[in-house]
Amino acid sequence: MRISLALLILLLAAAWTGSQGMSFRSSRTQCCSKEMFFPRKIPEFRIRGYLETAPSCTHRAVLVKLLKGMVCVDRKEKWFQEYLRKQKQPNSTST
């Protein structure tokens with residue numbers, strides 16, 4: 001009886017800390033609303049990096065890091081797909 005009670009408490013504690021960890025991670029996840037999407041093409045030389053939003057976000061997007069912050073971009077935009085293709089080329093001259 002004592003062992004099963006200890007196991008039950010241990011399982012409940014593990015479940016609670018696991019759920020707390022998930023909520024902590026999701027609070028740091030950055031998502032984009034439709035109003036946040038940048039409407040124009042961004043010149044490649046301004047792009048410092050990018051990060052895809054989490055699958056849990058309502059609108060899948062790419063957070064593009066610029067010199068002065070980040071903007072949301074639709075990852076299906078033709079210009080962004082072209083940028084990705086250029087980045088994957090082995091002799092790419094852009095950074």
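What the table below lists for this structure:
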item: Spin-label model distance (nm) - Glu44 vs Gln89, 7 Å beyond Cα toward Cβ; result: 0.6 nm
item: Cα gyration tensor, segment 40-81 - rounded (a/c under 1.5), prolate or oblate; result: oblate
item: Local electrostatic count, Pro39, Cβ distance below 12 Å [Lys/Arg +1, Asp/Glu -1]; result: 0
item: Å² per residue, accessible surface of segment 29-90 at 1.4 Å; result: 73 Å²
item: Virtual paramagnetic centre 7 Å along Cα→Cβ of Lys78, amide N under 15 Å, in segment 41-62; result: 41-42
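The values are calculated or read from the model by the stated rules, or taken from the named source; none is laboratory data. It should be emphasised that the depicted structure is a prediction, and the values quoted were computed from it without experimental measurement. Virtual Cβ from ideal backbone geometry, glycine too; neighbours counted across all protein chains shown. Accessible surface areas use protein heavy atoms only, side chains included; no ligands, DNA or RNA. Shrake-Rupley method; radii C 1.70, N 1.55, O 1.52, S 1.80 Å.
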